[in-house]
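Peer 1: Just dropping this structure here.
Each value in this text was obtained by applying a stated rule to the coordinates, not by laboratory testing. Model, not experiment: these values are computed from the prediction. Here Cβ is always computed from backbone atoms with ideal geometry, including for glycine, and neighbour counts include all displayed protein chains.
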Amino acid sequence: MNYYSTEISNLIEQLSRLPGIGGKSAQRLAFHIIDMPMEQVEQLAGTIQSARKNVKYCKSCYTLTDKEICPICMSANRDHSTIMVVEDTRDLAAYERTGRFDGVYHVLHGALDPAMGKGPEDIKLKELLVRLQTENVEELIIATNSDVPGEATAMYISKLVKPSGIKVSRIASGVPIGGELECIDEVTLLRALEGRVYL
Ligand code: ZN
């Protein structure tokens, strides 16, 4: 039975499609939005649209940014010869929060997952190889997640890159198995980085 008017039901339906938002949360958000001053609703809608429209990949590391080249890649204070490979921009943010990594990143936007039909063409792997050929890279730190796709990706990259003579390391398994990097506290992340193993 449709207790609500179509407009409210549509809003609840749309909100419940967002990750982590169940039916109840969607209802709560929908009623909250309807109670908000019109001006605030317009601001929220505008911000969503503008972010979606203007956020793109950094031309160098492929993180999400609204600039051609992101601030990390632009920075002269970062060590551009050390690249940390992560699965997504949230992982990059997790390492940035530790404030202790002064290299640069490469964001793959996923991991190899043959079971889900995700191959090398589906992540930013070719782009990484181009960087390794054109930039002066000394070390590649592979910080993909420690679940099956993350490990498979680490192994794949390591096999591909090692013959080139670039040092390849993998963050230590202080990161719990199946752990997603962004959920792990900073101390654990640092320990994983410092205890990285050379492959
Ligand atoms: Zn960048």
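Peer 1: Out of residues 5 or more away from residue 106 or on other chains, whose amide H comes under 5 Å of its own, with H placed 1.01 Å from N in the peptide plane?
Peer 2: 84, 85, 86
Peer 1: Then there is this: Along the charge dipole of the stretch 37-107, pointing to its positive end and built from +1/-1 on Cβ of Lys, Arg, Asp and Glu, which listed residue (73, 43, 93) has its Cα farthest out?
Peer 2: 73
Peer 1: Let me ask you something else. Suppose a student asked you for the relative contact order of the stretch 47-199, using Cα pairs under 8 Å spaced at least 6 residues apart; what percent would you report?
Peer 2: Working: 253 pairs, mean separation 30.7, N = 153.
It comes to 20 percent, rounded to a whole number.
Peer 1: Now a separate question. Please report, to two decimal places, log10 I(q)/I(0) for the chain at q = 0.10, 0.12, 0.15, 0.16 Å⁻¹ as given by the Debye formula with identical point scatterers on the Cα atoms and no solvent.
Peer 2: -0.54, -0.71, -0.96, -1.03
Peer 1: For every helix of n ≥ 4 consecutive DSSP H residues, a contribution of -39,500 (n - 2.57) applies; sum these over the chain, divide by its total residues, and give [θ] at 222 nm rounded to the nearest 500 deg cm²/dmol.
Peer 2: Details: 8 runs with 88 residues, N = 199.
The per-residue figure over the chain is -13500 deg cm²/dmol.
Peer 1: Where the only charges are on Cβ atoms (+1 Lys, Arg; -1 Asp, Glu), what is the dipole of the stretch 62-105 about its Cα centre, to the nearest 20 debye?
Peer 2: Details: 5 positive and 8 negative charges, 29 e Å.
Here the stretch 62-105 has a charge dipole of around 140 debye.
Peer 1: If you project the alpha carbons of the stretch 75-139 onto the principal axes, what extent comes out on each, in Å, largest first?
Peer 2: Extents along the principal axes: 39, 28, 16 Å.
Peer 1: Going toward the positive end of the dipole of the chain, with +1 on Lys and Arg Cβ and -1 on Asp and Glu Cβ, which of 165, 141, 188 do you reach last?
Peer 2: Ranked along the dipole, the leading option is 165.
Peer 1: Pairs of lysine in the chain with Cα under 13 Å and at least 8 positions apart or on different chains: total?
Peer 2: Values: 53/67; 56/67; 59/67; 59/124; 159/167.
Value for the chain: 5.
Peer 1: Where a ≥ b ≥ c are the square roots of the eigenvalues of the C-alpha gyration tensor, would you call the stretch 82-195 rounded, which needs a/c under 1.5, or, failing that, prolate if a/b is larger than b/c, or oblate?
Peer 2: Details: a/c = 1.64, a/b = 1.14, b/c = 1.43.
It comes out oblate by the Cα gyration axes.
Peer 1: Determine the dipole magnitude for the chain: charges of +1 sit on the beta-carbon of Lys and Arg, -1 on that of Asp and Glu, nothing else is charged, the reference point is the Cα centre, and the result goes in debye to the nearest 20.
Peer 2: Working: 22 positive and 27 negative charges, 81 e Å.
Charge dipole, the chain, about its Cα centre: 380 debye, nearest 20.
Peer 1: What are the principal axis extents of the Cα atoms in the stretch 1-71, in Å, biggest first?
Peer 2: Here the Cα extents, ordered largest to smallest, are 51, 26, 16 Å.
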